[in-house]
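To start, the structure under review is shown below, and the notes come after it.
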Amino acid sequence: HCYGTIKLKTFNSMPNMTEIKTTDPTEAFFDSLKTNKPRPPKPQYAVTIAVSSRSLFNMVAERKIYKEDGVEKYVAYQQEHDNEPLMPGVAFPLVKALMTVNARLRRLYPDSDQLFDIVLMTNNHAQVGVRLINSINHYDLTIERFCMTGGESPIGYLKAYMTNLYLSKDGEKVIEAIEEGIAAATMFASGDVENKLSDTQLKVAFDGDAVLFSDESEIIVKQHGLDTFFEHEKEFENKPLAQGPLKCFLEALGMLQRKFYAKNERMTCPIRTYLVTSRSAASSGVCVLKTLRSWGLEIDEALFLAGAPKGPLLQKIRPHIFFDDQMFHIEVAKELGTIAAHVP
């Protein structure tokens, strides 16, 4: 049926394939679908970052309609505003930075699938998808994979999407994800202070204990005090700390960094990582650094604050995201304009 316009005598004269293709009505259709956007990487090789729609876009007004008027009014409102782009949300600068890294990687490794893959993971109804897609296209974001679960929790799909990190504004969903063994954090918008973020380099800052490392050290401090903690650290400084919930994400960042190092681009690498810890370097820093070394991981900058506030240093670093397990540090970071993410 595809070649219904070709007359019988054409087949009898055995035309070449070029002649047949020019009469194929489907070819023009598929040509119209061609895009300049790069193809998404194969998930099994990619570093997959799943972001919720409320993290990627500012949906405060829409959320208010949902809470006050119910799901039907919410969906109707979204459909009425299909062609009105949503405003950028707290995860938007991070997503743009991930795309910047991908562009550099594609230039160095045109055929590689070791890239960031961004997935929109939302419990929105599919009817809202038109506005989400239009918003993503409006900002020219490279997000090809969606999961819209129509009011149900999307957490059960994270493993199927091969997720390396899940970011949401919903703390309960983040806890669900961590219980499923997925690295996750709750995102918080920065305060009134606006820190201009780098548009050429992805900057990721991590707290140490209970984020990159286990919470064993924090438990010792709470139960037995700092003196016992320091004694414990000195006694076991050659024993690696157990891994924390975001160790695997640092590992994934390191894998992509090494691809730049292999091309002699260490000094211009578009990924930079920071350890920002309340630990003291002299009394408990050796154990941290040796742990990273035992994992085969590097951190670009290690900042030991010995209990001093983290906010001013974060304000200087201006990371696209800062991970910490204590809300006190999250709040201070927010007040000074840092995009922070809580790891429960």
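Values as computed for the structure displayed
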{"item": "Answer residue from region 100-117, given it is among the hydrophobic types (A, V, I, L, M, F, W, C) and crowded, with 19+ Cβ neighbours inside 10 Å and is farthest from G70 (Cα to Cα) among those", "result": "L105"}
{"item": "1 or more residues within 22 Å of V47 (Cβ to Cβ): qualifying helices (runs of 4 or more DSSP H) within region 255-344", "result": "281-294, 311-317"}
{"item": "Search result, residues across region 155-169 that are free of Cβ contacts under 8 Å to residues at least 60 places away in the same chain and either open to solvent by 50 Å² or more (accessible area, probe 1.4 Å) or in a loop (DSSP other than H, G, I, E, B) (or both)", "result": "G156, Y157, K159, A160"}
{"item": "Complete set of residues in region 267-300 that are open to solvent by less than 60 Å² (accessible area, probe 1.4 Å) and within 24 Å of S190 (Cβ to Cβ)", "result": "P270, I271, T273, Y274, L275, V276, T277, S278, I299, D300"}
{"item": "Test: L120 is more than 30 Å from N264 (Cα to Cα), open to solvent by less than 10 Å² (accessible area, probe 1.4 Å) and aliphatic (A, V, I, L, M)", "result": "yes"}
{"item": "Tally, over region 123-134, of residues that are out of contact with any strand residue (DSSP E or B) (no Cβ under 8 Å at 6 or more places or on another chain) and buried (at least 18 other Cβ atoms within 10 Å of the Cβ)", "result": "1"}
{"item": "Residues located in region 301-343, provided they are within 18 Å of the chain's Cα centre (by Cα) and open to solvent by 70 Å² or more (accessible area, probe 1.4 Å)", "result": "R318"}
{"item": "Check on A262, open to solvent by 30 Å² or more (accessible area, probe 1.4 Å), hydrophobic (A, V, I, L, M, F, W, C) and modelled with pLDDT of 95 or more", "result": "yes"}
{"item": "Any hit, region 180-192, residues being among the charged types (D, E, K, R), open to solvent by 20 Å² or more (accessible area, probe 1.4 Å), closer than 26 Å to C248 by Cβ and at pLDDT 95 or above", "result": "no"}
{"item": "Meets criteria (under 21 Å from Y274 (Cα atoms) and surrounded by fewer than 20 Cβ atoms within 10 Å (Cβ to Cβ)) for S214", "result": "yes"}
{"item": "Scope region 135-154; condition closer than 22 Å to V75 by Cβ and surrounded by 16 or more Cβ atoms within 10 Å (Cβ to Cβ); matching residues", "result": "S135, I136, I143, F146, C147, M148, T149, P154"}
{"item": "Whichever residue in region 40-83 is of a type in the set (F, W, Y), in contact (Cβ under 8 Å) with a residue 12 or more places away in the chain and outside any loop (DSSP other than H, G, I, E, B) and, among such residues, is surrounded by the most Cβ atoms within 10 Å (Cβ to Cβ)", "result": "F57"}
{"item": "Positions within region 131-154 being assigned to a helix (DSSP H, G or I) and in contact with a Cys (Cβ under 6 Å, 6 or more places away or on another chain), in sequence order", "result": "none"}
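The values are calculated or read from the model by the stated rules, or taken from the named source; none is laboratory data. Not measured: the values here are computed from a predicted model. Note that each Cβ is placed from the backbone with ideal geometry, even for glycine, and that neighbours are counted across all protein chains shown. To get the accessible areas, we keep the full protein, side chains included, count just its heavy atoms, and leave off ligands, DNA and RNA. Shrake-Rupley method; radii C 1.70, N 1.55, O 1.52, S 1.80 Å.
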